[in-house]
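What follows is a single structure, written as structure tokens, with notes after it.
The values are calculated or read from the model by the stated rules, or taken from the named source; none is laboratory data. Values in this document were obtained by computation on a predicted structure and should not be read as measured data. As a convention, Cβ positions derive from the backbone with ideal geometry for all residues, glycine included, and neighbour counts pool all protein chains shown. Note: areas computed on protein heavy atoms with side chains; ligands, DNA, RNA excluded. Shrake-Rupley method; radii C 1.70, N 1.55, O 1.52, S 1.80 Å.
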Number of protein chains: 2
Amino acid sequence: MKKEVSYSPDGIKYFLPLEGDYAQEFTRVCDLVARANANGQEIVVVMGVGFVGAVMAAIVADAVNEDGMPSKFVIGMQRPSVRSYWKIPTLNKGISPVKAEDPEVDRLIRRCVLDKKTLTATFTYDVLKLADVVIIDVQLDYIKNEIGNVRNGNVEMSALEDSFDIIAHHIKPDALVLIETTVAPGTTEQIAFPLMKKIFRARGIESDPLLAHSYERVMPGRDYVASVRDFWRVCSGVNQASTGRVVKFLNEVLNTKEFPLTVLDRPIESETAKIVENSYRATTLAFMDEWSKFAERNGIDIVKVINAVRVRPTHSNLIFPGPGIGGYCLPKDGGLGVWAYRHVLGFEDDLFRITPLAIDINDTRALHAAQFVRDAMRNMNLPIAGAEILILGASYREDVGDTRFSGSELMARRLADMGADIRVHDPYVDQWWELVTQDNYPSHSLKDFFRNQKKLKDLKVLKDLTEALKGIDTLVFAVRHKAYLDLEPEDVVRAAGGPIAVIDCFGVLDDRKIKGYLQLGCEVKGLGRGHIQRIKNEIRNTNRVL
Amino acid sequence: MKKEVSYSPDGIKYFLPLEGDYAQEFTRVCDLVARANANGQEIVVVMGVGFVGAVMAAIVADAVNEDGMPSKFVIGMQRPSVRSYWKIPTLNKGISPVKAEDPEVDRLIRRCVLDKKTLTATFTYDVLKLADVVIIDVQLDYIKNEIGNVRNGNVEMSALEDSFDIIAHHIKPDALVLIETTVAPGTTEQIAFPLMKKIFRARGIESDPLLAHSYERVMPGRDYVASVRDFWRVCSGVNQASTGRVVKFLNEVLNTKEFPLTVLDRPIESETAKIVENSYRATTLAFMDEWSKFAERNGIDIVKVINAVRVRPTHSNLIFPGPGIGGYCLPKDGGLGVWAYRHVLGFEDDLFRITPLAIDINDTRALHAAQFVRDAMRNMNLPIAGAEILILGASYREDVGDTRFSGSELMARRLADMGADIRVHDPYVDQWWELVTQDNYPSHSLKDFFRNQKKLKDLKVLKDLTEALKGIDTLVFAVRHKAYLDLEPEDVVRAAGGPIAVIDCFGVLDDRKIKGYLQLGCEVKGLGRGHIQRIKNEIRNTNRVL
């Protein structure tokens, strides 16, 4: 049998394990667990060592008891797929499988794997037999079949349901299973619990599975670890025993002294809280989409308006949506709720009027941004086809390298659709995975909605800003990365070699810089920046021959 | 000619002035102004001494210069209508025309009228001739023609346009006109400015009117005065001179040291900021309507979920909508924006998808609350017709007496519609004006949408809670007034004389009290409180004969 290969992002080749490798691997872990047991450590299996799981595993592995001694031994479990197997050997070298701007991620993983020896990674499900606690951090995707229609989508449940099945077949009856994945409300009680209970009964276990839900509030960026460990948590169990266990466990591994736990009565409350949380965020952002457009059409600078409103503490959550709303959670979590209402909870009416609308608005905002690029170029008589357009920022958020569902992606796709030659610069992104691996986009394959997408596959993320600017026709400020905030118009235009079209999608330019670009002969447009027309008129009036 | 009469809320009768009274009144004010001028005081006319104008007038009148001497003399101006004339003699006695929970309102007005003598009220427009500054605080209503369809409504502009006209005809060319009313975006620059400029030209004045917009953020309640004076302000002028003047003026009268001014570039930005601000609030509330219903149908306590989510500082603005969203501003301000987009700014497309939807959802939420009352009563086999239903709280917000557009009103109207006998208790409300004066409801005449509304006209607001509870069939917690938070089930059921239906519209009851009511034989339902069914089942399981 030919060995399959999994490549790590830095190009290291790993052969996937063969059937014969499993027994040996399980023996390896059993030895580690025997030593851990002898040290009085609790055994925790984390299923899925992706964005959340890898960091959560390390945080648990870093936990100490009252005497300052390591209290947990953690086994990161990952299916050995071509796409993900490399994470296991990588982790076992003490290297984080997740690239993060927070240096604490690397330090924490190195410390736990190499120094404290409280963290290992494996591919065999058999380790579930050893677990006192199983944490589920597998991904749960929401598949959209259209752009801007979240209702016409569905939840890809199979991987999660498989996990419940495998766990129930393997675990000790008194192991706590903690679902940390963001799930459709009702999943813990109406899918996981009955499924696992049936398997328990079939195994002759009379007790009910100990099952709990708790959601993290991870935020990519420089405080990645703290956003998981030093932040408020919500949890709940399917029964009193489960609740007691999850509360005890989270108190042992998280900083709940400074950030107290919120314990809810039922998992559906905790599941719903997570969906409400992200849908609230998505809604406040979508709300600003229409006012941003209102501003564009009526000479208003929405950035100044937002800053004026945010002064009120009761309105401090209001933020500017930029060129679209990305990240893994906000584009999908409301969809999980709407889907669950029908498919898990069995309702036929259309209860949700705002939650899905907000996602649809957010999902299409980047197309509006692309129109702004088109309009600015038209104002300069620049055809889109063949034009050199530089997008500054590929990620979904300032000063992180997470490109999932970023507004920049949809914008790049539309502009490529129209024939433009796209360049992209991002100091935090090495490879723009969604474009390079056109066929495994985690949610919907955006490429299918557009033409001319092949070129994007070869898109390199540029690292030298001056080089990137050379010879461009159009510059798009898409993300508020630090490196872009201080760019001066003179320097940009000099590097570009002449006047260009400048599109500000995220309130990057202040009025002085807008004026600077205009005076250098550039065309400037900005999402929500209707006041640019007034600045143009001021210049026009100044230049007028009296 | 028969003298017309205006009655104050406490029943004092005032004759409206006749034509011959105007000259004498103007002379009276001229004398006061001459003395104020001699003292170096600036003359400020406040048009409209209602909810905002009365307090704003007093705050300005209370301002002092660097030497601690009064720096402004304020004239409150009010049209002498049957409905409003009483405010003028009342103010001139040093009595506030606005009933407020904040004792500072009465003190401030008494001090300025009687002690400092820096505040007077009048009915003659001639005083505009004396003004250095004119502040417009007239009401601007949005008329809705249907329940739950804000798009099918319009702005009642005539009073405001009349004010602009009268002001422009009377004022000195260098008087600053400050629009404080919440207006449709574009009003200052596209309605007031050109209208006033034309009148200025007709008067032979070559300079442009000095026109500015600044919005207050008044909040009824115990901090009424502080919410106007000690709070952040946003302002802007139609040109540099106006901006300079409004900034100088607001710095002189408000606590801008602790709460700095936000100065925007154009009045349309300031006007829009106000609309965005209140539409944001309306949207976050409307967003929770669907999740509140989701909770009701799926065993979730939305109150606990909201508290879990609000722990995050980025989500602290999330609040529970209660039985509907009232107050003067939130039900209409988004309407001003949607209306302006078409009628002032001339767009034909449907830009707004969330802002009007949010208002429609909020405007109909109280009807859902009424359904809950019906359902709880049906579960007890209580017919609605002829039932004694006590609503606790008539105001739109806890611990204030402001009943404008309260959820309680719509709920009371629907329940009366269905034949119920409504009682209401509210410690802060003396008369429920919207019900008593069925024909001058400030926005839309809700009465027209229902039958059986006549009885409500005689509805007395009860003040003795125990008395109010006597013999009721149903109790509705509609507002979180302090007096209701500590009510114990035993006391309520004893006062009622037996088990009743209890409907909690605002998360007033905790789980212990819910259980208490249920154990006493009551039926309990609550908006967003789906977990009540679980509490019922706990009791059922406890009582079960094994």
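Summary table below
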{"item": "Angle in degrees between helix B:333-343 and the longest Cα principal axis of chain B, rounded to the nearest 10", "result": "60 degrees"}
{"item": "Whole-Hz couplings from phi, Karplus 6.51/-1.76/1.60, listed for the stretch A:142-147; x for Gly and Pro", "result": "10, 8, 9, 9, 9, 7"}
{"item": "Value of D in µm² per second that Stokes-Einstein yields for the stretch B:289-391, Kirkwood Rh from Cα pairs, at 10 °C (1.306 mPa s)", "result": "96 µm²/s"}
{"item": "Translational D in µm²/s for chain A (Stokes-Einstein at 10 °C, 1.306 mPa s, Kirkwood Rh from C-alpha pairs)", "result": "63 µm²/s"}
{"item": "Placed amide H near residue B:134: partners under 5 Å, 5+ positions off or other chain", "result": "B:45, B:176, B:177, B:178"}
{"item": "Other-chain or far-sequence residues with amide H under 5 Å of residue B:461's (modelled H)", "result": "B:432"}
{"item": "Accessible solvent surface per residue of chain B, calculated while the other protein chains remain in place, 1.4 angstrom probe, Å²", "result": "38 Å²"}
{"item": "Antiparallel bridge percentage (DSSP; both residues within chain A; nearest 5)", "result": "20 percent"}
{"item": "Nearest-first distances (nm) between copies at residue B:260, label 7 Å from Cα via Cβ", "result": "3.5"}
{"item": "Debye log10 I(q)/I(0) at q = 0.11, 0.13, 0.15, 0.17 Å⁻¹ for the stretch B:5-269, Cα point scatterers", "result": "-0.59, -0.84, -1.15, -1.49"}
{"item": "Nm distances between copies for residue A:82, ranked from closest, using label points 7 Å along Cα→Cβ", "result": "8.5"}
{"item": "Within the protein assembly as shown, percent of DSSP bridges classed antiparallel, to nearest 5", "result": "20 percent"}
{"item": "Karplus-derived HN-Hα couplings along the stretch A:278-290 (A = 6.51, B = -1.76, C = 1.60, θ = phi - 60°), whole Hz, x at Gly and Pro", "result": "7, 6, 4, 4, 4, 5, 5, 6, 5, 3, 6, 4, 5"}
{"item": "Directionally averaged shadow of the stretch A:301-543, computed from the convex hull of its alpha-carbon atoms, nm²", "result": "14.9 nm²"}
{"item": "Overall form of the stretch B:239-355 per C-alpha gyration tensor (a/c, 1.5; a/b vs b/c)", "result": "oblate"}
{"item": "Loop GluC sites (Glu not before Pro), the stretch A:278-357 (other Cβ atoms within 10 Å of the site Cβ: 10 or fewer; DSSP)", "result": "A:348"}
{"item": "Teacher prompt: residue B:319 distances to equivalent labels in other copies, 7 Å Cα→Cβ, nm", "result": "2.2"}
{"item": "Cα-derived Rg to Rh of the stretch A:179-263, Kirkwood definition", "result": "1.05"}
{"item": "Length-normalised contact order of chain B in % [C-alpha pairs under 8 Å, at least 6 apart]", "result": "11 percent"}
{"item": "Semi-axes of the equivalent ellipsoid for the stretch B:392-499, Cα gyration tensor, largest first, Å", "result": "24, 16, 11"}
{"item": "From phi via Karplus (6.51, -1.76, 1.60), per-residue ³J(HN,Hα) for the stretch A:365-379 in Hz, x at Gly/Pro", "result": "4, 5, 5, 5, 4, 4, 4, 5, 4, 4, 5, 4, 5, 4, 4"}
{"item": "Reference-scaled alpha-carbon Rg (2.2 N^0.38 Å with N residues) for the stretch A:338-456", "result": "1.25"}
{"item": "Anisotropy class of the protein assembly as shown from Cα gyration tensor, a/c 1.5 cut", "result": "oblate"}
{"item": "With eigenvalues of the C-alpha gyration tensor scaled by 5 and rooted, the stretch B:40-171, Å", "result": "28, 18, 13"}
{"item": "Low-density loop cleavage sites - GluC sites (Glu not before Pro) in the stretch B:108-205, where at most 15 other Cβ are within 10 Å (DSSP)", "result": "B:146, B:156"}
{"item": "Helix-only mean residue ellipticity at 222 nm for chain A, each DSSP H run of n ≥ 4 adding -39500 (n - 2.57), per residue, nearest 500", "result": "-12000 deg cm²/dmol"}
{"item": "Ranked packing of A:467-476, B:453-462, most packed first, by mean Cβ within 10 Å", "result": "A:467-476, B:453-462"}
{"item": "Closest approach to the B/A rotation axis among chain B Cβ atoms, residue and whole-Å value", "result": "B:317, 2"}
{"item": "Amide proton proximity set for residue A:76, modelled H, under 5 Å, gap of 5+", "result": "A:46, A:120, A:121, A:122"}
{"item": "Peptide B:350-357, shielding by other chains (average Cβ, 10 Å cutoff)", "result": "5"}
{"item": "Coil-residue trypsin sites (Lys or Arg not before Pro) of the stretch B:192-234, DSSP, other Cβ within 10 Å capped at 14", "result": "B:203"}
{"item": "Relative packing of B:242-253, A:393-404, which averages over residues the other C-beta atoms within 10 Å, highest first", "result": "A:393-404, B:242-253"}
{"item": "Separation between Cα centres of the stretch A:416-434 and the stretch B:148-218, rounded to whole Å", "result": "50 Å"}
{"item": "Exposure of residue A:86 as accessible area (Å², to 10), given a probe of 1.4 Å and all protein chains", "result": "20 Å²"}
{"item": "Surface share of carbon and sulfur [accessible, 1.4 angstrom probe, percent] for the protein assembly as shown", "result": "50 percent"}
{"item": "Accessible area that becomes buried as A packs against B, both chains, 1.4 Å probe, Å², nearest 100", "result": "5900 Å²"}
